[in-house]
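Notes to accompany the following structure.
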Amino acid sequence: MRRSSSFDVLVIGSGAAGLAAAVSAVRAGARVGVATKTTLQACNSAKAQGGIQAAVGEDDSPEIHAEDVMRSSHETADPRLVEVLTSEAASAIHWLEEHGVEFTRSSSSGPQGSAKHAPGLNGGYRLARCGGATRNRLLQVGDRTGHAITRALRETYEASEGAELAHHALVAIRPESNGWVATFETKEGTSEVDAAAVVLAAGGRCFAEAEARGELSTNHPNATGEVTRVASEAGAETRDLDALQYHPNGGAWPATMQGYSIPETTRAYGAVLLNADGDEFTDSLGPRDAVSAAILAEVEKGKGLETPDGRPAVLLDTTRIAPEDAEVSLPYMLRRYRGAGIDPLAEPVYTYPVLHYQNGGLVIDEDAETTLEGVFACGEIAGGTHGRNRMMGNSLLECIVFGRRAGKAAAGRARA
Ligand SMILES: Cc1cc2nc3c(=O)[nH]c(=O)nc-3n(C[C@H](O)[C@H](O)[C@H](O)COP(=O)(O)OP(=O)(O)OC[C@H]3O[C@@H](n4cnc5c(N)ncnc54)[C@H](O)[C@@H]3O)c2cc1C
């Protein structure tokens, strides 16, 4: 077996969580390698559209944000992790801005909050309200927030001394005297890499799960979940792995939009869900599980519609969105639908819940360390921060807050 390289910190995965961990570990002075299954660009994070939550509005606070998370999770989230998530949100936004992410500013008549000028923050953000939230708290970069975040962090990492191990698919980890050995399948065969500490940031499994169920998914094909299995086989504890989340608004028609996640910000900016009679049947800004359940129940009652290819659906009345809001906050969604022959500002779109997110994952502490010493986990692969039901906009936040913590703590472990 080839032993190809050795690092202080080995990061698995190049989504928002892995990149945040890698950039932080480099900044902490560690020799870092990022190993990823295909290319550095391939991940779910880059597909994230809606935005990232942070309590920066005048009427908001980390405590109110934490209450919203606990309530949306039906009190199943880990309060210690939630406190870290919400109290470090503003500094995570500041950190992203330092790396070149430019959040959309408030400029139109939409449902924006007025952002207070927290220390270090630029302020004036356009803030939307997401499902389950009691305040306008969602910062956006148009409707390509994940793309902007991953590009900024990737460029920072690529400009550093950190190494890139593309086309390295992790298949096993095992402890050795000074840390961990990771085994990869590569184009050249099997190889091993050793590191003082490992950060697992390989995302969730909803692409593979949807394939197994014969359903649609919003996920990137690399979201297959084998790294969670690798960690469990090495002895790491997991939680809530059965709790998978459906995005309430999967695209249902036309066929080219099936599996597309219609940003939840459509509803924040005024779109509502309608049944076949044209009646609103639920609070369109309820928590995700409640909105998805309401859609399924409406269809079950015979009040849904059918797409031209026979799939169940209800309508999302996107014509209620003010065109000026759509242009600033939903340009990508508009382009996708218009390219497929439908103008969402002129007619409602067909929608139905679609498999989207793995709520549970590896058990972590406040430093993102798993139950295995020297093995850290951040992003969708980790459990606890959202309990059994995540709020929109908290996943990107979790990637940055716990990615930074994981990178720093892993670098510290390497020095110890
Ligand atoms: C369409 C869509 C829209 C979304 N919108 C939002 C939003 O608006 N706001 C929000 O907060 N969240 C949103 N989410 C959720 C959020 O984007 C993801 O949960 C989050 O980005 C996951 O980041 P991650 O870094 O943990 O994993 P990912 O971004 O999925 O990255 C995982 C990485 O691990 C690599 N990998 C996988 N297996 C292996 C292996 N065996 N070996 C090596 N590498 C491996 C992958 O190739 C990839 O690079 C959205 C998700 C999707 C799919």
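The values are calculated or read from the model by the stated rules, or taken from the named source; none is laboratory data. What you are looking at is a predicted structure, and each value in this text was computed from that prediction instead of being measured. Glycine also receives a Cβ, built like all others from the backbone with ideal geometry; neighbour counts cover every protein chain displayed. Surface accessibility is based on the protein's heavy atoms, side chains included, excluding ligands, DNA and RNA. Shrake-Rupley method; radii C 1.70, N 1.55, O 1.52, S 1.80 Å.
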Per residue and in cubic angstrom, what volume does the convex hull of the Cα atoms of segment 166-219 have? 106 Å³
Could you give the distance between the Cα centres of segment 28-82 and segment 175-222, to the whole Å? 20 Å
Any idea what angle helix 394-415 forms with the longest principal axis of the chain, computed on alpha-carbon atoms, 0 to 90 degrees, nearest 10? 10 degrees
So, for the chain, what is the accessible surface per residue at a probe of 1.4 Å, expressed in square angstrom? 37 Å²
Cα-based helix-to-principal-axis angle, 16-27 vs the chain, degrees rounded to 10: 40 degrees
Both in Å, the radius of gyration and Dmax of the C-alpha trace of segment 137-234 are 16.5, 48
Roughly what % antiparallel, to the nearest 5, for the DSSP beta bridges in the chain? 65 percent
Measuring from label point to label point, each 7 Å out along Cα→Cβ, what is the LYS187 to GLU373 span in nm? 4.0 nm
Chain lengthening between GLU102 and ALA293 when straightened (0.36 nm per residue, less Cα-Cα): 65.2 nm
Whenever you get a sec, line up THR318, THR256 from highest to lowest accessible area (probe 1.4 Å, protein heavy atoms). THR256, THR318
Formal net charge of residues neighbouring ILE64 (Cβ-Cβ distance under 11 Å; K, R +1; D, E -1): -2
5 Å binning of all Cα-Cα separations within segment 351-416, expressed as whole percents from 0 upward: 4, 18, 27, 22, 13, 8, 4, 3, 1, 0, 0
How large is the Kirkwood hydrodynamic radius of segment 275-334, in angstrom, based on all distinct alpha carbon pairs? 13.1 Å
On the accessible surface of the chain, probed at 1.4 Å, how many percent belong to carbon and sulfur atoms? 48 percent
Within a Gaussian network of the chain (alpha carbon springs, distance under 10 Å), most fluctuating of GLY278, GLY286, GLY13: GLY278
Against the longest principal axis of the chain, how steep is helix 62-72, in degrees 0 to 90 to the nearest 10, with axes from Cα atoms? 70 degrees
From DSSP H assignment alone, runs of 4+ in the chain each adding -39500 (n - 2.57), the sum over residues rounded to the nearest 500 puts [θ] at 222 nm at -9000 deg cm²/dmol
Once amide H atoms are placed 1.01 Å from N in the peptide plane, what residues at a sequence separation of 5 or more from ALA163, or on another chain, have their amide H within under 5 Å of its amide H? VAL32, GLY33, VAL34
Out of VAL56, GLY33, ASN44 - ranked by how far each Cα lies towards the positive end of the dipole of segment 23-69, with unit charges on the beta-carbon of charged residues - the top one is GLY33
Normalized C-alpha radius of gyration of segment 242-395, against 2.2 N^0.38 Å? 1.17
According to a simple spin-label model (label point 7 Å from Cα along Cα-to-Cβ), what is the distance in nm between LYS301 and ASP277? 0.8 nm
Expressed in Å to one decimal, the Kirkwood Rh of segment 8-71 from all distinct alpha-carbon pairs is 14.2 Å
Computed from the beta carbon distance with a Förster radius of 22 Å, FRET efficiency for GLU176 and THR39 to the nearest 0.05 stands at 0.15
Where N is the number of residues in the chain, Cα Rg divided by 2.2 N^0.38 Å: 0.96
Over what distance in Å are the Cα centres of segment 373-393 and segment 241-291 separated? 23 Å
